[in-house]
Amino acid sequence: MDIEVLFFGVLADVTGTGRKHYNYVTSFGDLKHRIEDEFPEIVHYSFRIAVNNEIVNEEPVLRGGDEVAYLPPFAGG
Amino acid sequence: MKSCLTQGPVRISDISNLLAKGAGYVDRGGHSLFIGQVRADVSDNKRITAIEYSVYEDLASAEIEKIKTRLFSEFTDIKNIEIIHSAGIVKAGEIAMAVMVSAGHRQQAQQACSMVVELIKERFPAWKKEIFEDGSFRWKSAE
C-alpha cells in the first residue's frame, strides 16, 4: 500500500524533508523499519505517531492512502 | 491556513477583532484574555531574536476543537472561546498566541482561559525553532 509520511520539528531536519511517500508498505512495522534504515539517527529522538490526524498510542493498522505523522514532543504557545 | 492559525505574529488588530467579537452580547459578564509573547532569552551567551513555529495544521485544528469541547463540558458558564496561534517566524517582543474566553461571570472566564492555555501547551502540535542573534538555531523542547 501507499503511505504518506510527515515529519515535524526536529525530525524534519533529521530526515531532511517534511514529507515522504512510501510504496508497497506492508504494515506499520515495515514502514518504521524502512524509515529507520533510511534515517538511522531518528532512533535517538522521542516522538509520537499520528495516523490521519489522530494520535495513536499503540502500533496502528495502516490502510492504503493513510497519512502517518512523526511528532516530536509539542512546544506550542 | 486553518482559522486558529495566523502566519507570523498575532497582530494587535487580530486581538482588537477578538474584543470586538465579544462586545455587545448581554449574556456575557466577563472576558478573560491571555496573550503569549516571545521572550529574548539568553542561552549559552546568545540572545534569541525570534522563534519559528512549525505547526501540523490539520491536527492543530482537530485538537483545538477537542479543547473547546472539553472546556464547554467542564465550564457551564462559558459562552465563547477564541484561540489564535502563530505559524512561521515571530520576533522577540511580538505576540505568538492569543486566547479569549467569554463567560457569564468572571470566575469561569478566568479559570477556563487558564485551562485553555495549559491545554494548548500540552496538546497543540507546534514546534519552536529558537533563532539566535548569530543566525544559529536550536529546537526548543516543551516547557
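General observations
- Å² per residue, accessible surface of chain A at 1.4 Å: 52 Å²
- Region B:5-140 - percent of accessible surface contributed by carbon and sulfur, probe 1.4 Å: 48 percent
- Using alpha-carbon coordinates, inclination of helix B:106-123 to the longest axis of chain B, degrees: 40 degrees
- Sequence-distant contacts, meaning Cα pairs under 8 Å at least 6 residues apart, place the relative contact order of chain A at 42 percent.
- For chain B, the extents of the C-alpha atoms along the principal axes are 51, 27, 26 Å, listed from largest to smallest.
- Each chain gives up part of its surface: A and B jointly bury about 1700 Å² of accessible area, both sides summed, for a 1.4 Å probe.
- For B:Ala50, nonlocal amide neighbours, meaning residues 5 or more places apart or on other chains whose placed amide H falls under 5 Å from its own, are B:Ala92, B:Ile131.
- Remark on region A:3-71: ratio of C-alpha radius of gyration to 2.2 N^0.38 Å is 1.00.
- The H on the amide N of B:Thr6, modeled in the peptide plane, is under 5 Å from the matching H of B:His85, B:Ser86, B:Ala87, each at least 5 residues off or on a different chain.
- Pairs from B:Lys2/B:Lys46; A:Lys32/B:Lys121; B:Lys21/B:Lys129; A:Lys20/B:Lys2; B:Lys2/B:Lys66 whose Cα-Cα separation, in the structure shown, is over 26 Å: B:Lys2/B:Lys46; A:Lys32/B:Lys121; B:Lys21/B:Lys129
- Estimated dipole of the protein assembly as shown in Debye, rounded to 20 [Cβ of Lys and Arg +1, of Asp and Glu -1, Cα centre]: 860 debye
- Between the helical axis of B:12-22 and the longest alpha-carbon principal axis of chain B there is an angle of about 10 degrees.
- Computed log₁₀ I(q)/I(0) - Debye formula, equal Cα scatterers, no solvent, the protein assembly as shown, q 0.11, 0.13 Å⁻¹: -0.62, -0.82
- Residues in region A:25-68 that, when all protein chains are in place, have 40 Å² or more less accessible area than the chain alone would give (probe 1.4 Å): A:Asn53
- Here chain A exposes an accessible surface that is 47 percent carbon and sulfur, computed with a 1.4 Å probe and the other protein chains kept in place.
- Acute angle (nearest 10 degrees) that the helix A:28-38 long axis makes with the longest principal axis of chain A, alpha-carbon atoms: 60 degrees
The values are calculated or read from the model by the stated rules, or taken from the named source; none is laboratory data. None of these values were measured; they are calculated from a predicted model. Every residue, glycine as well, gets a Cβ built from its backbone with ideal geometry; the counts of neighbours run over all protein chains shown. Just the protein is used for accessible areas: all its heavy atoms, side chains included, with ligands, DNA and RNA removed. Shrake-Rupley method; radii C 1.70, N 1.55, O 1.52, S 1.80 Å.
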